[in-house]
Amino acid sequence: MAKKRKKKKHHKKQSFYKQKRGFLTENPISLIAIKALLFVLMIVLMIVYSDMEGYFNPSQANNHTEKKWNSFYEFTKNNNVDILLLGNSHLYTGINPKTLSAVLGVNSFILASPGTHIIDTYFSLKEALKITKPKIVIIETYGINQFNPYEFKKGPLSEQLKSFSARKDFLSKIISMPYLFKTDNYPYAWSNTLRNHGFLFSNQKQLILNRSPKKRKRKKDLYLGRYVRFTSGLKKDILKKYDSLGAPVKGSDYVLNEYPKVYTKKIIDLCKNNGIELIFLTLPMYYKHIENYSTWEKNLKKLLIESPNYWLNMQSPYDTTNFTISCFENTYELNQHMTYNGSLIATNKLAKFIKNKLYVNLPYRKKEQNWINNFYGQEGYFENNPVLIKDKKNKILARNFATNNVLIDEVSLLEQKKGKNKLLIAKITNNGQDLSKCSLILAINTSSLDKKPAVYNIKLNYDKLHRGLDFHVFKIGVKPLEIMEIKAGKLFCN
Amino acid sequence: MEFNSIDFGIFFTIVFISYWILFNKNIKQRNIFLILISYLFYGWWDWRFLSLIIISSFIDFIIGNKIYEETDKTKKKRLLLISLSVNLGFLGFFKYFNFFIGNFVEAFSFLGLETDSIYLNIILPVGISFYTFQTLSYTIDIYNKKFEPTKDLSAFFAFVSFFPQLVAGPIERAKNFLPQFYELRPISYDLIRSGLLLMTLGFFKKIVIADRLSLFVNSAYSDLQNIDGVVAIFAIIFFAFQLYFDFSAYSDIAIGSARTIGFKLSKNFNSPYLSSSFSKFWNRWHISLSSWFKDYLYIPLGGNRASSIKVTQNILVVFIVSGLWHGASWNFIIWGLINGLFIILLDPILNKRHNELYSKISKAIFVSLAWALSLVFFRSQTFYDAFTMFENLFKGNKNILYNYSLNSIEFIFTIGLLIFYMLFEILVEVYPNIYKLIINMHFLIRWSLYLSIISFIILCGSYGLDVDDSNFIYFQF
């Protein structure tokens with residue numbers, strides 16, 4: 001009986017297979033579809049595996065875009081970004097988010113990619129708004145120009161791909177892809193294996209590095225999207241070119257096509273719908289670097305005037321007093337970025353603009369422990385905020401110290417990140433008076449390293465770069481002296 | 001739409017599925033579907049030029065029937081002339097207008113007469129030379145009573161515009177190809193599999209070999225003033241291989257994709273670099289065009305059945321016209337002329353019977369090298385460029401060979417690929433059933449082989465952001 005049942009079962013099984021085989025042979029389309037699907041799946045899995053293992057990952061040493069986005073996701077886990085800045089390289093070299101945050105007491109972050117354009121900016125903003133709720137969004141205007149994302153090649157396309165792959169929201173990436181790339185570039189947008197397969201011939205070192213189990217330890221530092229690229233300003237060779245050849249950038253060449261028009265409008269609407277104040281920001285190039293800027297400005301104005309948003313244009317009127325040659329990259333190329341010095345001046349101007357012109361209910365986070373944890377000791381912090389008493393590295397020498405002709409809010413001795421020298425810094429409340437031509441002399445009782453006490457007169461110079469909103473800052477680098485106390489002080493003005 | 005694009009990948013998948021599931025049930029519906037997708041395929045480049053195909057198809061359809069019905073020989077001739085004028089008129093205007101105007105102006109100025117030159121900003125419609133020749137063969141065959149015209153408008157339109165071979169051939173004869181639009185064929189697993197395999201081979205040739213060779217060739221030709229002897233030698237040899245792999249890849253993909261939807265296109269290449277004479281070479285290279293010229297130009301001119309002077313003249317005419325077909329420039333005419341002269345002057349020597357293997361190999365190498373040298377005119381923009389390239393052959397070697405877009409590893413890899421592929425062609429020549437052998441292998445071995453080839457294309461293909469130009473060369477004709 002059991003044998004019979006077994007036989008019956010076997011027979012059933014056989015006829016099922018026969019039926020199945022019959023189905024497939026009689027329906028070759030099904031057979032082909034199954035085989036093709038299986039085959040494609042195997043190929044896709046192979047690529048996905050290679051991508052996940054990172055065999056063809058590019059060098060991360062210069063991938064600032066990915067670093068920015070990773071840092072953004074990390075930062076927004078515990079913090080809300082109050083001021084979000086978007087744009088291209090002009091922005092991340094021209095604004096210092098740490099200083100901006102330190103001046104205003106907010107969290108600001110730059111989400112900018114090199115060579116990017118307003119479409120990428122729009123989709124980056126959309127993704128960012130899913131994660132954080134900024135009060136102010138600032139769009140740098142160099143990305144608003146004539147371009148066609150579908151015609152990008154090599155350089156700009158590579159940056160565009162980096163920006164795309166750095167974003168993590170799968171759905172928003174899928175939605176944005178057709179607007180950012182032509183179809184032939186879709187595979188490169190998703191897969192490092194497909195994008196960088198050429199490493200097999202051109203960059204074996206990177207392949208070996210990618211396969212090595214040792215992963216570089218990253219310093220856990222607050223990174224808000226700033227990238228210091230240029231430290232020295234314009235030099236004689238370029239200045240001579242301005243005189244002999246004229247300006248390399250012609251404002252009359254600046255035209256707009258449909259893409260920037262449509263996407264600027266989309267950004268305006270997006271901010272409006274989210275109750276966000278929108279500022280358009282134009283960072284300057286050296287005034288001799290552009291001629292006929294008014295045409296450029298006119299074209300841009302036509303576009304930006306359609307919305308009741310703010311436009312802070314530092315190119316015009318141009319601040320000749322502060323934006324000196326030290327503020328600009330030494331180049332005659334079309335793209336001229338700002339130096340570290342220039343960025344500090346621009347940042348303070350932006351902070352002032354936000355504080356004076358924009359009546360937004362920005363949070364004041366200077367007393368929030370989280371904010372202090374993030375920003376204490378970072379760039380621009382001590383120029384705008386007090387040294388904490390419990391700080392063992394940085395020392396307060398005096399507070400509310402009245403001298404012959406001025407009341408000094410704070411004198412402190414700060415450790416420098418590099419070297420043994422220290423920084424002597426004094427802050428005086430900004431009551432609107434102009435102290436930019438003044439210097440502060442302090443009589444200081446010190447003991448040097450060999451412990452012999454002495455009194456020195458030290459001259460502190462006015463810090464034009466950190467001209468904060470609340471304070472005038474005077475500074476001088478000093479040798480590693482043990483400063484005991486401030487004896488006296490006097491403000492000298494020309 | 002290019003074959004080597006994502007657009008085509010999406011297009012082809014949709015077409016393949018919808019063709020077999022929805023449209024292979026009714027001939028008319030199937031043909032209309034083929035017309036629409038072919039127009040979509042073509043319109044992806046420039047939809048404006050679709051009008052040329054439509055007009056050309058319409059006129060040839062009507063004239064073909066009129067010629068067949070007409071009994072008066074003069075009227076028949078007149079109708080044929082109308083068809084020729086329309087088709088060659090389009091081709092002449094879009095391809096040769098500026099060339100002829102330029103030559104007239106130069107000729108006049110040579111005679112001391114100043115003329116105002118009227119150059120037009122004309123864009124060459126993709127594939128115009130191919131589909132024009134295809135439709136011409138239709139009316140000429142009807143005129144010569146070799147073929148009966150079709151009454152089925154949709155079949156004819158589908159025949160003219162059939163997307164796999166519309167822009168770069170193979171140039172099909174109506175006699176062989178048009179009847180395929182009259183019938184529905186059941187789905188064939190074997191045909192689809194062989195089609196897909198052929199497409200894969202095409203992609204391999206194009207992406208891995210041709211596009212890699214193009215990096216070196218483009219780089220060398222754009223630096224003609226500075227390249228050294230060795231670079232020039234490699235640029236010339238590499239271009240010969242690039243052209244072969246590029247064009248045969250296109251043909252493979254075209255034939256393969258047609259097969260997947262049940263259509264059979266004729267073979268366009270048959271290991272031409274294994275030819276032991278120039279006439280054999282032309283029987284193996286761009287077969288559909290060579291045979292077109294043979295049937296519609298060489299034989300009507302008298303062919304071989306004439307005095308030796310007349311035969312020589314016929315050969316030269318065919319090759320000069322063939323050069324002109326490729327492009328409106330004197331370089332192409334000279335290229336054609338040189339190849340004609342090769343047949344006239346060298347073939348009598350090469351055709352002497354020496355059947356030893358070494359003799360065959362040395363003849364094949366000689367033919368291929370001579371062909372490669374003639375291609376200098378084909379590849380160069382001007383006469384001056386071509387002569388500079390020849391001059392460069394006699395220079396020493398100061399620069400490093402690997403400065404021209406291929407580094408040492410990639411260069412050696414490329415040479416290895418060429419040797420490998422030529423050995424493979426020899427193997428196929430000796431054992432023509434090798435494909436069957438592969439197909440009959442155990443499925444695990446087969447699938448491993450397929451996966452390896454695809455992986456090889458993905459990892460070793462020359463594509464991506466660093467490759468500026470991956471268009472098929474024959475698109476420009």
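The values are calculated or read from the model by the stated rules, or taken from the named source; none is laboratory data. Nothing here was measured: the structure is a model prediction, and the numbers come from that model. As a convention, Cβ positions derive from the backbone with ideal geometry for all residues, glycine included, and neighbour counts pool all protein chains shown.
The table that follows gives values for the structure above.
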item	result
Condition met for residue B:161 (modelled with pLDDT of 90 or more, surrounded by fewer than 22 Cβ atoms within 10 Å (Cβ to Cβ), among the small types (Gly, Ala, Ser) and within 21 Å of residue B:56 (Cβ to Cβ))	no
Condition check for residue A:113: at pLDDT below 90, in the same structural domain as residue A:275 (by TED's automatic domain parsing) and crowded, with 24+ Cβ neighbours inside 10 Å	yes
Listing of helices (runs of 4 or more DSSP H) fully contained in the stretch A:131-204 that carry 1 or more residues being of a type in the set (Val, Ile, Thr) and either within 14 Å of chain B (Cβ to nearest Cβ) or under 29 Å from residue A:311 (Cα atoms) (or both)	A:192-195
Residues that are surrounded by fewer than 14 Cβ atoms within 10 Å (Cβ to Cβ) and of a type in the set (Asp, Glu), drawn from the stretch A:263-278	A:269
Residue list for the stretch B:274-289, filter: crowded, with 23+ Cβ neighbours inside 10 Å and farther than 21 Å from residue B:324 by Cβ	none
Strands (runs of 3 or more DSSP E) wholly inside the stretch A:375-449 that include at least 1 residues being closer than 21 Å to residue A:352 by Cβ	A:407-415, A:422-429, A:438-447
Output for the stretch A:279-290, where each listed residue is closer than 30 Å to residue A:83 by Cα and surrounded by fewer than 19 Cβ atoms within 10 Å (Cβ to Cβ)	A:287
Any hit, the stretch B:397-415, residues being assigned to a loop (DSSP other than H, G, I, E, B), within 14 Å of another protein chain (Cβ to nearest Cβ) and hydrophobic (A, V, I, L, M, F, W, C)	yes
So residue B:392, is it of a type in the set (S, T, N, Q), farther than 19 Å from residue B:219 by Cβ and more than 12 Å from every other protein chain (Cβ to nearest Cβ)	no
Residue ID - modelled with the highest pLDDT, chosen from residues in the stretch B:366-396 that are assigned to a loop (DSSP other than H, G, I, E, B) and within 16 Å of residue B:331 (Cα to Cα)	B:380
Qualifying positions in the stretch B:189-230 - in contact with a Lys or Arg (Cβ under 9 Å, 6 or more places away or on another chain), closer than 23 Å to residue B:402 by Cα and modelled with pLDDT of 90 or more	B:217, B:221
The stretch B:8-48, subset facing another protein chain (nearest Cβ under 10 Å) and surrounded by fewer than 17 Cβ atoms within 10 Å (Cβ to Cβ), residue farthest from residue A:186 (Cα to Cα)	B:21
Residue A:465 under 20 Å from residue A:350 (Cα atoms), surrounded by 12 or more Cβ atoms within 10 Å (Cβ to Cβ) and at pLDDT 80 or above	yes
Members of the stretch A:32-61 found to be hydroxyl-bearing (Ser, Thr, Tyr) and within 12 Å of another protein chain (Cβ to nearest Cβ), listed by number	A:49, A:50, A:55
Of all residues making up the stretch A:255-295, the number that are under 19 Å from the mean Cα position of the chain (by Cα), part of a loop (DSSP other than H, G, I, E, B) and of a type in the set (A, V, I, L, M)	2
Criterion violated by residue B:19 - all others in (1) of a type in the set (Ser, Thr, Tyr); (2) without any contact (Cβ under 8 Å) to a residue 24 or more places away in the chain; (3) over 17 Å from residue B:132 (Cβ atoms) satisfied	(2)
The listed residue being outside the structural domain of residue B:135 (by TED's automatic domain parsing), part of a helix (DSSP H, G or I), β-branched (Val, Ile, Thr) and surrounded by fewer than 17 Cβ atoms within 10 Å (Cβ to Cβ), out of B:309, B:334	B:309
Members of the stretch B:168-208 found to be more than 14 Å from chain A (Cβ to nearest Cβ), among the hydrophobic types (A, V, I, L, M, F, W, C) and in contact with a Phe, Trp or Tyr (Cβ under 8 Å, 6 or more places away or on another chain), listed by number	B:168, B:171, B:174, B:177, B:178, B:181, B:204
Filter pass, residue A:93 being of a type in the set (Ser, Thr, Tyr), within 25 Å of residue A:379 (Cα to Cα) and touching a helix residue (DSSP H, G or I) at 6+ places or on another chain (Cβ under 6 Å)	no
Residue A:346 being within 23 Å of residue A:92 (Cα to Cα), among the small types (Gly, Ala, Ser), out of contact with any Ser or Thr (no Cβ under 9 Å at 6 or more places or on another chain) and not in a loop (DSSP other than H, G, I, E, B)	yes
Scan of the stretch B:419-436 for residues that are exposed (fewer than 12 other Cβ atoms within 10 Å of the Cβ) and within 19 Å of residue B:238 (Cα to Cα), ordered by number	B:419, B:420, B:423
Hits in the stretch A:310-333 (condition: more than 21 Å from the chain's Cα centre (by Cα) and aliphatic (A, V, I, L, M))	A:325
Matching residues in the stretch B:179-210 - criterion: being hydrophobic (A, V, I, L, M, F, W, C) and buried (at least 24 other Cβ atoms within 10 Å of the Cβ)	B:208, B:209, B:210
Residues of the stretch B:426-477 classified as more than 10 Å from chain A (Cβ to nearest Cβ), under 30 Å from residue A:151 (Cα atoms) and outside any helix (DSSP H, G or I), total	4
Qualifying residue in the stretch B:193-216 (condition: farther than 28 Å from residue B:417 by Cβ, in contact with a Ser or Thr (Cβ under 9 Å, 6 or more places away or on another chain) and basic (Lys, Arg))	no
Residue A:242 being in contact (Cβ under 8 Å) with a residue 24 or more places away in the chain and buried (at least 19 other Cβ atoms within 10 Å of the Cβ)	no
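Let's see how each residue does on (1) surrounded by fewer than 15 Cβ atoms within 10 Å (Cβ to Cβ); (2) out of contact with any helix residue (DSSP H, G or I) (no Cβ under 9 Å at 6 or more places or on another chain); (3) small (Gly, Ala, Ser); (4) farther than 30 Å from residue A:293 by Cβ:
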residue	(1), (2), (3), (4)
A:187	no, no, no, yes
A:190	no, no, no, yes
A:196	no, no, no, yes
A:206	no, no, no, yes
A:225	no, no, yes, no
A:260	no, no, no, no
